[in-house]
Protein chains: 2
Amino acid sequence: MEEVKLIQIKENILSDNDQAAGQLREKLRAEKTFVINLMASPGAGKTSLLLQTIRRLKDELRIGVIEADIDSVVDAEKIRNSGVAAVQLRTGGFCHLDAAMVQAGLEGIGSKDFDLIFIENVGNLVCPAEFDTGAIKNAMILSVPEGDDKPLKYPLMFTVSDILLVNKTDMIHMTDFDMAVLRKHVLGLHPDMEILEVSAKTGDNIDLWADWVRRAVKNFS
Amino acid sequence: MEEVKLIQIKENILSDNDQAAGQLREKLRAEKTFVINLMASPGAGKTSLLLQTIRRLKDELRIGVIEADIDSVVDAEKIRNSGVAAVQLRTGGFCHLDAAMVQAGLEGIGSKDFDLIFIENVGNLVCPAEFDTGAIKNAMILSVPEGDDKPLKYPLMFTVSDILLVNKTDMIHMTDFDMAVLRKHVLGLHPDMEILEVSAKTGDNIDLWADWVRRAVKNFS
């Protein structure tokens, strides 16, 4: 089977990437640029959440966004229309961002000029979790319609993230999503995971997330 | 940047895989085993759709299911409880199935003994579209909460699939999902894509999908 060969290749790439990510993080610390890597499935609400977050924080922090997408500029245009700087990375066939790609994005946007940069990673619960982007913090969104069993299926994503936003809580009555079950699964993998229940559509609890970001940036600088 | 190196590696793997997938498809044709590769985002409803499909077809067709997951057996257990054979492939860090992995799954389940085998691919709109599994047909699910802009972001998935099931239509009133916009985006990429609007939860239009599967199997054998 092909699998073994592929694993070896991947390990080499991952080990090079870990080094590049570490160096990038040191550079960001020296510059005092706080970078949050936002990961989620397609359609979980990454861009909507960012728009809500930008609205709350753009008057007090200099915010930039690095958008990653296989093949479109839809999201970067939405972000730019919200009044903050955005660059788009087209990843082609790649289902993740690595530290070298993020570095190219940070150079493109001019990271030194920002207090806070969000990376909107490719929509995917698998590969983005495997590649350290060099970001200071990892945040993930799980949307209610995806189901409460996702930590069982994508454990690494729930392990590498510092905070989990459970989005689309306004839809919970339409589903059999059990928040207690979700919390149990998540805390089993990651006992000190911060979990916020939000709706980027209604704005519910987005203030709690904005507070978390504000505090994190303040403690960093 | 690391990207160029990674592309070369991937192309080699892809070209080997295309050959393996072609050979596997020939074998399936000779055996008269119809294989459908089902792809979607995490939580779009792959397993729920399969359970509804199995209920409608298991008395007339010998059905097997190959489940792929990074790290769990949740779905295979649900499928087995529905009364058909299932095997679980644990893909580890891999975000897709390739033809060699599918071949291992088909050997595990004993493909000759089945009229119809479903492959439930890893939950992901990127990598599964890049790897030919050797299946006879590709089906994809897009769930309404993911949004009507997904063809713009994940065009390859919509290009390689033979049929698109738009699932969770029971939630459409809770969203700004525009079915006409979705259809326009999809048909722009893939003019003869078959599109069915279904709800695996309520069972709405699942009979149309079961008819499509029944006809496809009949025409194949």
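The values are calculated or read from the model by the stated rules, or taken from the named source; none is laboratory data. As the structure is a computational prediction, the values presented were derived from the model and not from experiment. A quick note on method: Cβ atoms are made from the backbone with ideal geometry, for glycine too, and the neighbour counts reach across all protein chains shown.
For the range A:22-34, state whether one or more residues are in a strand (DSSP E or B), touching a strand residue (DSSP E or B) at 6+ places or on another chain (Cβ under 6 Å) and not acidic (Asp, Glu). Checked the range A:22-34: at least one residue is in a strand (DSSP E or B), touching a strand residue (DSSP E or B) at 6+ places or on another chain (Cβ under 6 Å) and not acidic (Asp, Glu).
Yes or no, residue by residue, for (1) in contact with a strand residue (DSSP E or B) (Cβ under 8 Å, 6 or more places away or on another chain); (2) more than 10 Å from chain B (Cβ to nearest Cβ); (3) closer than 22 Å to B:Lys168 by Cα:
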position	(1), (2), (3)
A:Ile117	yes, yes, no
A:Asn121	yes, yes, no
A:Ala139	yes, yes, no
A:Leu142	yes, no, yes
A:Leu156	no, no, no
A:Ile163	yes, yes, no
A:His173	no, no, yes
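All conditions in (1) without any contact (Cβ under 8 Å) to a residue 60 or more places away in the chain; (2) in contact with a Ser or Thr (Cβ under 7 Å, 6 or more places away or on another chain); (3) facing chain B (nearest Cβ under 9 Å) hold for A:Thr169, with the sole exception of (3). Do we find a residue being farther than 27 Å from B:Leu116 by Cα and more than 19 Å from the chain's Cα centre (by Cα) anywhere in the range B:151-165? Yes, some residue in the range B:151-165 is farther than 27 Å from B:Leu116 by Cα and more than 19 Å from the chain's Cα centre (by Cα). Taken over the range B:123-137, the residue count meeting the criterion of being at the interface with another protein chain (Cβ under 7 Å from one of its Cβ atoms) and either among the polar types (S, T, N, Q) or outside any loop (DSSP other than H, G, I, E, B) (or both) is 3.
Taking the listed residues B:Arg215, B:Arg183, the one that is of a type in the set (D, E, K, R), under 30 Å from A:Asp170 (Cα atoms) and over 17 Å from the mean Cα position of the chain (by Cα) is B:Arg183, with no other qualifying. A:Ser111 satisfies every condition listed in (1) under 19 Å from B:Gly45 (Cα atoms); (2) at pLDDT below 95; (3) of a type in the set (S, T, N, Q) except (1).
Give the residues of the range B:166-203 that are among the charged types (D, E, K, R), surrounded by fewer than 16 Cβ atoms within 10 Å (Cβ to Cβ) and in a loop (DSSP other than H, G, I, E, B), sorted by residue number. Matches in the range B:166-203: B:Asp176, B:Asp178, B:Asp192.
Is it true that B:Phe118 is touching a Leu at 6+ places or on another chain (Cβ under 9 Å) and assigned to a strand (DSSP E or B)? Against the criterion (touching a Leu at 6+ places or on another chain (Cβ under 9 Å) and assigned to a strand (DSSP E or B)), B:Phe118 qualifies. When the range B:144-154 is filtered for residues that are part of a helix (DSSP H, G or I) and facing chain A (nearest Cβ under 7 Å), the ones remaining, listed by number, are B:Pro145, B:Glu146, B:Lys150, B:Leu152, B:Lys153. When restricted to residues that are within 14 Å of another protein chain (Cβ to nearest Cβ), small (Gly, Ala, Ser) and in contact with a strand residue (DSSP E or B) (Cβ under 6 Å, 6 or more places away or on another chain), the range B:62-115 contains 4.
Checking each residue in the range A:123-140 for being of a type in the set (A, V, I, L, M) and surrounded by 24 or more Cβ atoms within 10 Å (Cβ to Cβ) picks out A:Leu125, A:Val126, A:Ala129, A:Ala135, A:Ala139, A:Met140.
Scoring B:Lys184 on the criteria (1) away from every other protein chain (no Cβ under 12 Å); (2) touching a residue at least 24 places away in the same chain (Cβ under 8 Å) leaves a single failure, condition (2). Examine the range A:103-116 for a residue that is in contact (Cβ under 8 Å) with a residue 24 or more places away in the chain, touching an Asp or Glu at 6+ places or on another chain (Cβ under 9 Å) and aliphatic (A, V, I, L, M), and state whether such a residue exists. The answer is no; no qualifying residue exists. Only one entry in B:Ile79, B:Ile66, B:Ile54 is buried (at least 24 other Cβ atoms within 10 Å of the Cβ), free of Cβ contacts under 8 Å to residues at least 60 places away in the same chain and assigned to a helix (DSSP H, G or I), namely B:Ile79.
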